Every structure is written in structure tokens, then in C-alpha cells.
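Worksheet for the structure shown next.
Each value in this text was obtained by applying a stated rule to the coordinates, not by laboratory testing. This is a predicted model, so every value here is computed, not measured. Cβ sites come from the backbone with ideal geometry, for glycine too, and all protein chains shown count toward neighbours.
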Amino acid sequence: MSARLHPESDSTLPSAAAEILVELREAPPLVQCITNAVVTGFTANVLLAAGAAPAMVDIVGEAGMFAGVASGLLVNLGTPTPEQRAASLEAVEGAAESRTPWVLDPVAIGALPVRTSLAHALAERRPTAIRGNASEILALAGLSAGGRGVDATDSTDAAVEAAALLARRHASVVAVSGPIDVVTDGERAFRIANGHSLLTLVTGGGCALGALMAAFLGAARASADPLTAVAAATLVYTVAAERAAAVAAAPGSFAVALLDALHAVSPEDLVEAARVEAGAL
Amino acid sequence: MSARLHPESDSTLPSAAAEILVELREAPPLVQCITNAVVTGFTANVLLAAGAAPAMVDIVGEAGMFAGVASGLLVNLGTPTPEQRAASLEAVEGAAESRTPWVLDPVAIGALPVRTSLAHALAERRPTAIRGNASEILALAGLSAGGRGVDATDSTDAAVEAAALLARRHASVVAVSGPIDVVTDGERAFRIANGHSLLTLVTGGGCALGALMAAFLGAARASADPLTAVAAATLVYTVAAERAAAVAAAPGSFAVALLDALHAVSPEDLVEAARVEAGAL
Amino acid sequence: MSARLHPESDSTLPSAAAEILVELREAPPLVQCITNAVVTGFTANVLLAAGAAPAMVDIVGEAGMFAGVASGLLVNLGTPTPEQRAASLEAVEGAAESRTPWVLDPVAIGALPVRTSLAHALAERRPTAIRGNASEILALAGLSAGGRGVDATDSTDAAVEAAALLARRHASVVAVSGPIDVVTDGERAFRIANGHSLLTLVTGGGCALGALMAAFLGAARASADPLTAVAAATLVYTVAAERAAAVAAAPGSFAVALLDALHAVSPEDLVEAARVEAGAL
């Protein structure tokens, strides 16, 4: 298996993303987030700015039933308290019963045992999508050396192989964040070159994208496959990041401008700005 | 009972709000917040910008005694962990013993059983004020169908009836958020038409107002009745929102401008900008 | 013992701070934060803007091992849940085994029993640095009346005496925040007159400085003593605050500008802007 794509003649992702964005704004999906204490506020603001409706229902006794009525669910393991760990399992069970699409973000797994064990247990429950950086995807696939992630030089190719492996194993879409974002279902893949390095200087820059993926999966349930929905969320987010970076050169003002850009970005903007490659793995 | 007001010849709310704002800035009230993980930072910043002193004391063994010395207390049920649920009951007991005014914000009650049960238990302890949107107020009053809230078309009138019922039942002031905010003690009411729709695109836009109500209740303990204090907080917040919307057209920059406007808004601004109707229910 | 300094002929702090800032940006220290729910997001953003790498690992079973690999650790007692209290003790043990420098921020101790007891237990474990306002430092030293802190008029001198006492007792560096920040190891001291009052209107304005101290202690482990590293973090933060206040006059935009300024501040800026006094106590 190669990490290279076999490019298709043209990509339909930008126009598909434009359509899902219109659908999302016309019928805002209710997005349940079980996420870490650092990024809850920013995550909710990203969802609101893009047009979705956040709901941070993360306690035992409520998380499961809410997952049954939500349009999408995010489980992010950034600061997994005992209450959140139990609520995550309850929510995922509720999501499975109602076929609510859900996203797993295995933050910082690898050496840290509590979250790593939970991430593997959750992955077994077949998330609709899994989102992480190269180290996290390699760790979840069981391909990392168990240490501090991989060298920057070989991380992209190695992580794409791990992503494809994970995607096939769990029947999930897997998204790997990086200078170029890769989204795959194990057979086909999108490479999205949009984005900006200032995203790495804002806490929650990656975590909020996981929530947006849950929103797009919810909005597109009837109209697009999960691979397209997850790639569409990535495209909207990274195009908005480019627009934000055009008016803000430092991390404080960039975070503010990103929210503004998510609110302002139009379907036409996506088609114009997209730098996307699609193909078979 | 009609949801229509029987208007009084003129409202004294703007000048009363101006006076309380001056008092608050001269002697900043210490506001204890037991609130949800999504909005804690924004809530504290709203209080600081307006001139109050926030203190998020929300653990068992401290919440009760702190409520005895605080100027005001907010109990917001947005993400009620077991620790916060126990701390809420302890804090409310401390507030009752010291006659500290307190505000209940029953976030998203209705179908979610843990918070709904807690909200009813807290309401029985006679909050000084209760704040919510139409669905939450209807659910707390026991008047909603138990589902997803009410239609937008009939929500205002129905919620005002529920607010009046709740206000009489618990001897509380009840505030219903919406395009027009309504604040009532069950006999008299204020309708406040100030505000801006961008508030609904900032997480904590409503939750932070609950904290500001606790601040105004604390600042005005000796000088104004609770109905006036709660309506004054609403007026200050919504006038600041209008000033923010005049300089920021998207949610990221609006949230920043709202904090700036809460810091800058003057007593005179309130009197000039107020669009308030007062009357008997 | 007098709170007055016996000034040295010139201070080397600005140039030392400039060197540590360069080191930090070349090899970003990994800073573990166990901090309060109100300020987690802002704290992470402060670290990222300055050039460090935040990691909020605050659960039992992970906090201790992570402290063994982190460059620095912050333990902030702002909202100490039972889980965080246990994780704090575990983390401090891990830090001691690996000689990871760590900072204790005893937020609001004094009358509140849970955090006060924990703060004393943690202080016994010899933090590399302790950071607080005058009331907190007096309370930790056992010198406050046990009430609501001290009068503003005598707080600085009294707190400096308490800081020196604490520093000698625990072999720690102690930093007292105020209009003039004082940092001492019990023998020598720096007085830093930089900063801006808008910092007091942003939640986490002080808490985030504690995290930055942990970052500077980590970055400077091989190159500077803890007294210099802690004072250097204070200088960078307060110089950035002055730059932010030059472009933003209200708290919402000031917080954004502070992050931008932490990203932009150069080693040369520190040397130019520093208003520092050094001397023996």
C-alpha cells in the first residue's frame, strides 16, 4: 500500500462542501460535545459561527439519551475525567442505537495510559470518523514506537498508511491533521492543502475541527457519504483559517478572525479557494 | 392572565439601572459562580468588564461558606457534574442563611433528567431570580409538552405566563430571554427591547447575563428591589450588546467588543438607549 | 528584615530574560498545567503565543508520569475538584522524582479550607516557585489575620516579608503580583515595575503568568537559576501587557492584544522596556 494518491480527473469535494454548508445553515445540526476543559468555549463558538448548534452534554445519566437525539457527537479525550470517561461510553452506546454519527478525537494518546486504553475501547465501537495528528493516528493504529511520535520527515506517509489501516479496521473515516490534511475511508482519500500555521498557535485549533466534523456528518446524513462530509468540514475550516490569516498575523487576533471567517465564508468561497486532491489510495 | 402589559405612564428602569451601575462600580460585588465548563472564562470576563468581582467557588466544602460572604451567587446547570450538583445545594443553603441573593439558570432542562430534577429541587429553595429562555421557563413551570420546547410563534406569550406562574410560586423574579427580554415578579413586568441577535452566536451569551444579574442583585441589595435589579442587569447587558454590534458584525469580534462595551457603557448611555416598557401583568 | 532592597549597581535581568526567551522559542518547553476551569483556555493560549507547548494533563493515573517527562509543571488551585487535588499530589511526586521544576499558585487561599489545606501540603513538597497576590502569599506564610487579606496600603511591604519567609522555609522562589511585582529567593530580589492595570480585568491574568513561569523554568533549566527564570517570565509578561495596552484600552480587546504581544515581543524589546530593580533583601 502506498501513501501516494492515484489522482482522479477532478475533485467534486469543493462543490459538495458548498452544498453541505448550505444545508447546515438552513437546518443547524445539534452537536453534542464531550470534550476537554481547555477548548470547550472555543469549540462551542466555532460551531455557532459556522451555523451549527452546540450542546456540551457530558454527564452520566444524560449523555446517552442526548446522543440519541443529537445530529452528531464528538468524543474528545483531552482531559478525560472519570465522569467524562463514563459519559463517553454511555454516549457512544446511545449514538449506536440511533445511528447518530460520531467522531473520536484521541488527544495525546500513546504514552498516557488512561486515555489510550479508553481510545482503543471507543475505536472498537466503530466511530463514524476518527481525527488526530500523525502521532495520535499512528498510536491508535498500533504502529508507533510507543514513544514521542514520529519524525517530522516521515510522519505524513506513515500516518496515511496508519489512517488507511484504521479506516478499514473500524469501518471509519480517518482524518490526519498536518500541513496537508488527509481524509480517507481506506479506499479513497482527499488531500487538502488549505489552512494556516497560526492554527497551531491557538488552543483547540484541532479539537474544534473534530466538532465541526460531527456537525457536517449530522448535516449531510441524507445527502453525502461520511468521507465527503468529513473532508468538507476540513475544507470549510481550513479555508476560513486562510481568510483569517489574511487579516490577522498573530494568534490572539487570528482566533477572533477565524470565528468571524467561519461565519462569513460562503459556498462560493470554498469552490474558489479549495486546493484539494482526490484519488484512490 | 394575559401576557400583555398594562403600560405605566413612564418607566423608571433606565435611571434606576444607571444608579445601580454606579454603585456596582464604586463597590464591586463579589459574585460566586457555579457554572458550566463551556462559559466560565467568558462569564468571569463579563463580570470583570462590567465592574464586578467573579469567584468560581464550586467545590463541596467551600461553596457553602463562600455563599455566606459573597454579594451574589449564580447557579447555572449547563454541565452539572456530581461535584457541582452537591456544591450547588451547599451554596444555596449558605446563601439562604446569609440572605445572599442568588440566581438559578436551568440550562437545557426538560428532557434531560439529571439537571431537570436538580432544577426543580433548587427552585423549591426560592431563588431570588430565575433566568432562562422560553423553553427552559416553560419546562420549569411544568407547562411544556416535555419535548423540544415550543414553536417560535407562540413562545413569548406562553413563556410570560409561565414566568408569572413561577414567580408567584417561588416568590422569585423570573427573566425570559428572547428578542424581547421579559422580567417579572408575577405582578409587574418589564419588557426590554434592547439587544442584538449576535448574542445568540456567542457561547455563554445568555449564561453570562445570569452572572450579571447576581452582580446587580448584590450591588443593589440596599437600594433597589430584585425586580428592578434583574431588569437593570438585562438593560446594561443588552445596551452593551447593541454598542458592540455597532462596531463588530461577526461573532468572534462581537464577543470581544461586548466585553469592551460592558467596560465602557456609562449610566447616561443606558438612559439614552433604553427601549423599555413597564407595566402590570 | 526589611522589605527594602539594597540595590545593586545594575541589573542583568533584562538581558538574561532575553536569552531565556530565545532558548524557549528554539526549544519549546512542554508545560503541564493542572489549573482551574475558568482560565484553562487562556492559559494554553498564553503559552502557545509565547512559544511554549501546553499540556493540561490533570487526571489521576496520568498526571504523575507526565510530570516526569514535562519541562515544567503548574499547579493552580483555582477550582480544585477532588480529581485535580489527587492529580496534583501525584504530579508533584512525579516532578520531584524527575527534578521537573514546578510552580504552585495558591489561588484564593486563606478562608477557604479545602484549597488552603492542600496549598500547605503542596508547599511542604518544596515548589520551585510559588506565585500569588499579597493576600495569598501572606496566608501561605501564616502571617495574615485569616480574614479578607490586608489593607492595600501596607500590603506590599508585608507581602515581601512573607515572601522572603516562605522562600527560605521551602527553598522556593516566591513571586508576589501587584502594581510592582516582587520576586525573591529569600536573599536576593527583583522588583519589576512593568505591567498594566488592564491585566486585573482579564480573568486568568495572574494564573497564566504562573504557567509562563513554569515554561521559563523549563527552558532555562541548564542556563539560569530559578530566581532569574521566574523574574524573566514576569518581565516578558508585563512588557507584553504594556505593548497590548498601547493598542487596546478595554479588557476584551486587551486580552486579544496581550496574546498578540506575547507572540511578537522580541528579546530587544525586553531590554528596552524593562523597569527593574535588583538587590539584596
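Would you mind telling me the antiparallel percentage of the DSSP bridges in the protein assembly as shown, rounded to 5? All intermediate terms of the calculation are to be shown ahead of the outcome.
Values: 42 of 96 bridges.
Counting DSSP beta bridges with both partners in the protein assembly as shown, the antiparallel share is about 45 percent.
For a quick check: with amide H placed at 1.01 Å from N, whose amide H comes under 5 Å from A:G279's, ignoring anything fewer than 5 positions away on the same chain?
A:E8, A:A189
When averaged across all projection directions, what area in nm² does the alpha-carbon convex hull of segment B:41-99 cover? Provide the component values of the computation, followed by the final result.
Values: hull surface 15.8 nm².
For segment B:41-99, averaging the hull's shadow over all directions gives 3.9 nm².
Whole-Hz ³J(HN,Hα) for each residue in segment C:171-186, computed from phi via Karplus 6.51 cos²θ - 1.76 cosθ + 1.60 with θ = phi - 60°, x for glycine and proline: what do you get?
Residue by residue, segment C:171-186 yields 6, 10, 7, 10, 10, 10, 7, x, x, 10, 7, 10, 10, 9, 10, x Hz.
Between C:D225 and A:S266, what is the label-point separation in nm under the 7 Å Cα-to-beta-carbon projection?
Going by the 7 Å Cα→Cβ label model, 6.4 nm.
If I take R0 = 35 Å and measure r between the Cβ atoms of B:V247 and B:R25 in this structure, what FRET efficiency does the formula 1/(1 + (r/R0)^6) give, to the nearest 0.05? Don't jump to the answer; show the numbers that get you there.
Values: r = 22 Å, r/R0 = 0.64.
For R0 = 35 Å, the calculated efficiency reads 0.95.
Computed FRET efficiency, Cβ-Cβ of A:R126 and B:R99, R0 45 Å: what is it to the nearest 0.05?
Working: r = 55 Å, r/R0 = 1.21.
FRET efficiency, A:R126 to B:R99: 0.25.
Sort out for me the Cα centre separation of segment A:6-59 from segment C:17-60, rounded to whole Å.
Taking the Cα centre of segment C:17-60 as reference, the centre of segment A:6-59 is 28 Å away.
What ³J(HN,Hα) values, in whole Hz, does the Karplus curve 6.51 cos²θ - 1.76 cosθ + 1.60 give for segment B:58-66 when θ = phi - 60°, with x put for Gly and Pro?
Each residue's phi maps through the Karplus curve to give 9, 10, 5, x, 10, 4, x, 5, 5 Hz.
Which whole-angstrom value gives the distance between the alpha carbon centres of segment A:91-138 and segment A:231-281?
Taking the Cα centre of each part, segment A:91-138 and segment A:231-281 sit 25 Å apart.
Once phi is turned into ³J(HN,Hα) by the Karplus curve 6.51 cos²θ - 1.76 cosθ + 1.60 with θ = phi - 60°, what whole-Hz value does each residue of segment C:272-281 show in order, with x for glycine and proline?
Couplings: 5, 8, 4, 10, 10, 10, 10, x, 7, 6 Hz.
Which of the helices in chain B, when you take each full DSSP H run, stretch at least 24 Å along the axis at their Cα atoms and have an average Kyte-Doolittle score of 1.0 or higher?
On the way: long enough: B:82-98 (25 Å, -0.51); B:152-170 (27 Å, -0.03); B:226-245 (28 Å, 1.08).
Result, helices passing both filters: B:226-245.
Which residues' amide hydrogens lie under 5 Å from the amide hydrogen of B:T128, considering only partners 5 or more residues apart or on another chain, with H built in the peptide plane?
Amide H to amide H, under 5 Å and 5 or more residues apart or across chains, B:T128 pairs with B:W102.
When you look at the Cβ of every residue in B:51-63, what mean number of other chain Cβ atoms sits within 10 Å? If you can, show how the numbers build up before the last one.
Details: counts 1, 0, 0, 2, 5, 9, 6, 5, 9, 3, 6, 9, 2.
Partner Cβ neighbours, averaged per residue: 4.
Can you say what percent of the DSSP beta bridges in chain A, counting only those with both residues inside, are antiparallel? Round to 5.
If we restrict to bridges inside chain A, about 45 percent are antiparallel.
Sort the following peptides by mean Cβ neighbour count (other Cβ atoms within 10 Å, averaged over residues), highest first: C:224-232, A:77-85, A:218-226.
Details: C:224-232: 25.7, A:77-85: 22.6, A:218-226: 19.3.
In decreasing order of mean packing, C:224-232, A:77-85, A:218-226 become C:224-232, A:77-85, A:218-226.
About the Cα centre of the protein assembly as shown, what is the dipole size in debye to 20, counting +1 per Lys and Arg Cβ and -1 per Asp and Glu Cβ, all else neutral?
Numbers: 48 positive and 84 negative charges, 228 e Å.
Charge dipole, the protein assembly as shown, about its Cα centre: 1100 debye, nearest 20.
Are there GluC sites (Glu not before Pro) in segment C:179-281 that DSSP puts in a loop and that have at most 14 other Cβ atoms within 10 Å, and which ones? Please list the in-between numbers first.
Working: sites: C:E187, C:E242, C:E268, C:E272, C:E277; in loops: C:E187.
Passing both the DSSP loop test and the Cβ count: C:E187.
Find out how many positive minus negative residues lie around C:N133, taking Lys and Arg as positive, Asp and Glu as negative, among other residues whose Cβ is under 11 Å from that of C:N133. Working shown, then result.
Working: positive: C:R131; negative: C:D105, C:E136, C:D181.
Around C:N133, the charge tally is -2.
Return the average number of partner chain Cβ atoms within 10 angstrom of each residue Cβ along peptide C:264-275. Walk me through the intermediate numbers first.
Working: counts 3, 0, 0, 0, 0, 0, 0, 0, 0, 0, 0, 0.
That works out to 0 on average.
Place the label 7 angstrom along Cα→C-beta at A:S98 and in each other copy, then list the distances from the first to the rest in nm, shortest first.
List, nearest first: 4.1, 4.1 nm.
In nm to one decimal, list the spacings between the A:E277 label point and its equivalents in the other copies, with label points set 7 Å along Cα to Cβ, shortest first.
Taking the point 7 Å beyond Cα along Cα→Cβ, the inter-copy spacings are 6.3, 6.3 nm.
Taking each residue in B:255-261, count the Cβ atoms of any other chain within 10 Å of its Cβ, then average. What number comes out?
On the way: counts 5, 13, 4, 1, 9, 7, 2.
Mean partner shielding for this stretch: 6.
With labels modelled as points extended 7 Å from the Cα through the Cβ direction, what inter-label distance (nm, one decimal) is found for B:E277 paired with A:L143?
If labels sit at B:E277 and A:L143, their model points lie 6.5 nm apart.
Would you mind listing how long segment C:58-150 runs along its three principal axes, going by Cα atoms, in whole Å with the largest first?
39, 24, 16
Quote the relative contact order of segment A:1-120 in percent (integer), defining contacts as alpha-carbon pairs under 8 Å separated by 6+ residues. Present the calculation step by step, with values, prior to reporting the outcome.
On the way: 170 pairs, mean separation 28.4, N = 120.
Relative CO of segment A:1-120 lands at 24 percent.
Take every Cα pair under 8 Å in chain B that's 6+ residues apart, average their separations, divide by the length, and report that relative contact order as a whole percent.
Working: 608 pairs, mean separation 71.9, N = 281.
With pairs under 8 Å counted, the relative contact order is 26 percent.
Taking B:T12 in one copy and the same position in all the others, each labelled 7 Å out along Cα→Cβ, what are the pairwise distances from the first, in nm, shortest first?
Shortest to longest, the spacings are 6.9, 6.9 nm.
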